[in-house]
Amino acid sequence: MTSRLPAAGSGGLKRFEKESLQPAFDELGRIAIALADNLNHQHQIGMDLEGDLGGTFFTEINAPAAQAGRVIANANNQTPVEAALGVQITDSGALKAGTWSLKFSGDGHDFELLDQVSGKVVQTGRLPSPLPAEISMPGFNIQISGAVLNAGDSYLIQPTRHAASSLELKVDREEELAFASPVRAETDAGNRGTGKIDQGVMLNVRNPLTNSLLPGFSSQGKLDPPLEIVFSEDGGTGRLQYTVVDANNPAVTVFAAQDFQEGVSNTLFSDDPRDPQYVGFQFRISGKPAPGDRFTIGYNTGGVSDNRNAELMAGLATANTMNGGTQSFTEGYAGLVETVGVKTRQSQLDKDAGQALLEQSFNQRESVSGVNLDEEAGRLIQYQAAYNASAKVMNVAQNLFDTLLSTFR
């Protein structure tokens, strides 16, 4: 039996694009943004071979072009189109993959933000007049500027869709690789106690008010000012204390005296960028320093055989920097590959099952109304044999008729 199955339409391709391809792009873009953001920050707090602080390692995630490219205006928006929208990534660790639709109504300042997948409204409100304004979401802000917003206008918000395709390496020379740490500590040769200072750790935290990453490095190629930790004994209580002074001018106190806790590791400086004692790095002193002991913290000039920042950059591969500190780059990418693989296998199974069902249905239809060529050929042979037999009967009848007639002649 011959079978001619109908050709597949475009519905499957559209479903694949909506349910598999676009979500995969969004998730891959989310990973790319988190990767670029964390590596850029870590690279910027390192020191390169030329003694300078590192620059961006990958494309800046909040470059003006990147922010504008995360918004797509509906082709049916009214004119004049003067509103300018952009998406700023505020926290790559809290950023989620997805697409949202921003719609304006009323006088153009009422808005609602809808999740494209679920269709649910995730935020509504009213923008102030005059603009600019911003709409805050977990991990990103929608920034709106311009003079005119029209009722009925809509915009597609895609914070992560094209991030992977636009990711570029910005380091062009090996001398620009900031693999060393820009600070180091030294112990004064005249120290009499057992105090020891580690080589410190740089802090990858920006001041939310000033956007400053390293306030102690206002001058290129040096720590401003270099710091000296001086130990003394409180005359009133006898407790051991330390004071942070300017190493170039010890008469200038940078941070006032603080008590030193013996038997534990004491952390120098704050890790809160809003704290006045935040300098962008921390050191720890252990043991029991003696009064008069000194430790110096200065710029790591030369940085020979120093790969501390390179180790920290490599450690980001398994550090939990995504999903609110619960997932690493490696886990995020593995999860994406797993999701794509599961969907691919499920699609293959669905295709095979659909093909089998289609063939079964087609065969059932053909068994009732279709044409079987073998059966028709057999019937033609039967018809031919019957025709030949009938011809012989007619021939015998003709002969008998002729014989009968000849008997009367």
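Only the coordinates and a few stated rules stand behind these numbers; no lab work does. This structure is a prediction, so every number in the text was calculated from the model and none was measured. Glycine also receives a Cβ, built like all others from the backbone with ideal geometry; neighbour counts cover every protein chain displayed.
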Original post:
Looking at ALA32, PRO128, THR56, which one has the Cα that reaches farthest to the positive end of the dipole of region 25-170 (charges on Cβ: Lys, Arg +1; Asp, Glu -1)?
Top reply: PRO128
Original post:
Do any trypsin sites (Lys or Arg not before Pro) in region 260-336 lie in a loop, going by DSSP, with at most 15 other beta-carbon atoms within 10 Å of their beta carbon, and if so which?
Top reply: ARG274
Original post:
How do THR160, THR253, THR79, THR59 line up, fewest other C-beta atoms within 10 Å first?
Top reply: THR79, THR253, THR59, THR160
Subject >> Residue exposure sequence - HIS43, HIS109 - by fewest surrounding Cβ within 10 Å >> reply: HIS109, HIS43
Original post:
Which of GLU134, GLU112 comes first, and how do the rest follow, when ranked by fewest Cβ neighbours within 10 Å?
Top reply: GLU112, GLU134
Original post:
Extension gain GLN277-LYS343, at 0.36 nm per residue separation less the Cα-Cα distance, in nm?
Top reply: 18.6 nm
Subject >> Stokes-Einstein D (µm²/s) once Rh is taken as the Kirkwood radius of the chain over alpha-carbon pairs, at 4 °C in 1.567 mPa s >> reply: 46 µm²/s
Original post:
So which lysines pass the test for LYS96, namely a Cα distance under 25 Å, with those fewer than 8 places away in the same chain ruled out?
Top reply: LYS14, LYS18, LYS120, LYS343
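Between ASP224 and GLU60, what FRET efficiency follows from the Cβ-Cβ distance if R0 is 25 Å, with the result rounded to 0.05?
Numbers: r = 25 Å, r/R0 = 1.01.
E(calc), rounded to 0.05, equals 0.50.
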Original post:
If you put +1 on each Lys and Arg Cβ and -1 on each Asp and Glu Cβ, how big is the dipole of the chain around its Cα centre, in Debye rounded to 20?
Top reply: 1660 debye
Original post:
If you take all C-alpha pairs in region 130-212, what percent of them are over 18 Å apart?
Top reply: 75 percent
Original post:
What is the distance, in nm, between label points placed 7 Å from the Cα along the Cα-to-Cβ direction at ASN74 and at GLN355?
Top reply: 4.1 nm
Original post:
How are the C-alpha pair distances of region 25-170 spread across 10 Å bins, as whole percents from the shortest bin up?
Top reply: 11, 39, 29, 15, 5, 1
Subject >> Cross-link reach list, aspartates and glutamates versus LYS288, counting only Cα pairs under 16 Å and skipping chain neighbours closer than eight places >> reply: ASP188, ASP198, GLU233, ASP234, ASP259, GLU262
**OP:** For region 183-299, state what percent of all Cα-Cα pairs lands in each successive 5 Å bin, counting from 0 Å until the bin that includes the largest distance.
**Re:** 2, 11, 21, 25, 20, 12, 6, 3, 0
